[in-house]
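Heads up, the thing below is written out as structure tokens.
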Amino acid sequence: MSVLVLLLLAAAICQGQVFRKATFTGSVQTGFAETFQLALGGTFGDGPAWQNKAVAGVNNAFRKGDSLTAFGWHTLDSRSGAFDWQAGFDYRYPLLRRSSHWIDGSLGYQRWVLRSVLNGTRDHLAAANITYNGKLKLPVTVTADSWRLVSSPYRLGSIVCLQGWTNHVLWRTDTARLVFRPGVATTYAWHFWNKSGHRVVRLGGTLAWETRTYSIEGGLRQQVALMAGIPENSYWFIRFKRIL
């Protein structure tokens, strides 16, 4: 998949399409969380976990409204020193633009090196996402993320994570706003790391102070386990994000 994306990028550059009207984006993020937690539901380490993320991308890379984005993320357990990381890229394209209803889709590749999980994972995954943004009485976002193992020390399988949230602007100035985002999420797996079934439901909310160039966000979420071996917990995090 990475070779295909590079070939498409080279072809577009040769045709003079890339970077003609492109805009470059980027952000860096740092913060602490109770532990390292996966979408699958498991928690790892004694915590707290120091977590960092960097994102770089190009908007209008090939066509108007699309984007090509790469990311890198890691988590470091402050007590045990365990270090886990993920990285990857995706290509996103607008599927629907109708007044206040937008749907985007993306395909990509991810690399997971998670030494704290099971006996250690060194996985290659195909990733896909569909995102809906609309406005009813409040702005609503619904996302569906899926990951498919294409190489792993464990049984190959897939996982889907569905989540949705709303945006309540509690206070606004000319340059900043205070936003509360309540939401719900659930995860289902098909033979992913030798496990299948409906895994967790999460109810939570975040409170964020946002400007054009930075945000400070904190959140809590309650995880309800739907499969044996997954802990139920109340999970907290706080993070600072800088838009470059």
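Mind checking whether some residue in region 189-204 is out of contact with any His (no Cβ under 9 Å at 6 or more places or on another chain), under 19 Å from Gln51 (Cβ atoms), modelled with pLDDT of 95 or more and of a type outside the set (A, V, I, L, M, F, W, C)?
yes
Among the residues in region 169-178, are any farther than 19 Å from Phe44 by Cα, free of Cβ contacts under 8 Å to residues at least 24 places away in the same chain and among the hydroxyl-bearing types (Ser, Thr, Tyr)?
Taking every residue of region 169-178 in turn, at least one turns out to be farther than 19 Å from Phe44 by Cα, free of Cβ contacts under 8 Å to residues at least 24 places away in the same chain and among the hydroxyl-bearing types (Ser, Thr, Tyr).
Among the residues of region 131-141, is there at least one that is under 13 Å from the mean Cα position of the chain (by Cα), part of a strand (DSSP E or B) and crowded, with 17+ Cβ neighbours inside 10 Å?
Within region 131-141 (the criterion being under 13 Å from the mean Cα position of the chain (by Cα), part of a strand (DSSP E or B) and crowded, with 17+ Cβ neighbours inside 10 Å), the answer is no, since none of the residues qualifies.
Output the qualifying pairs, or none if there are none: Cβ atoms under 7 angstrom, residues six or more apart or on different chains, first residue in region 63-83 and closer than 20 Å to Val113 by Cβ, second residue at pLDDT 95 or above and among the hydroxyl-bearing types (Ser, Thr, Tyr).
Pairs that qualify, where the first residue is closer than 20 Å to Val113 by Cβ and the partner is at pLDDT 95 or above and among the hydroxyl-bearing types (Ser, Thr, Tyr), are Ala82/Ser116.
So that you can scan it fast, the table gives a plain yes or no per residue for (1) surrounded by 12 or more Cβ atoms within 10 Å (Cβ to Cβ); (2) charged (D, E, K, R); (3) at pLDDT 90 or above:
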{"position": "Ser2", "(1), (2), (3)": "no, no, no"}
{"position": "Ala11", "(1), (2), (3)": "yes, no, no"}
{"position": "Val28", "(1), (2), (3)": "yes, no, yes"}
{"position": "Phe32", "(1), (2), (3)": "yes, no, yes"}
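Applying the selection to region 209-218, what residues are in a strand (DSSP E or B) and either of a type outside the set (Ser, Thr, Tyr) or touching a residue at least 60 places away in the same chain (Cβ under 8 Å) (or both)?
Trp209, Glu210, Ile216, Glu217, Gly218
Restricting attention to region 219-244, which residues are free of Cβ contacts under 8 Å to residues at least 60 places away in the same chain, surrounded by 15 or more Cβ atoms within 10 Å (Cβ to Cβ) and either over 15 Å from Thr186 (Cα atoms) or polar (S, T, N, Q) (or both)?
Answer for region 219-244, where residues must be free of Cβ contacts under 8 Å to residues at least 60 places away in the same chain, surrounded by 15 or more Cβ atoms within 10 Å (Cβ to Cβ) and either over 15 Å from Thr186 (Cα atoms) or polar (S, T, N, Q) (or both): just Gly219.
Of all residues being in contact with a strand residue (DSSP E or B) (Cβ under 8 Å, 6 or more places away or on another chain) and hydroxyl-bearing (Ser, Thr, Tyr) in region 77-113, which is farthest from Leu136 (Cα to Cα)? Just the residue, please.
The qualifying residue farthest from Leu136 (Cα to Cα) is Ser78.
The values are calculated or read from the model by the stated rules, or taken from the named source; none is laboratory data. Given the structure is predicted, the values throughout are model-derived calculations rather than measurements. No Cβ is skipped: glycine too gets one built from the backbone with ideal geometry, and neighbour counts run over all protein chains shown.
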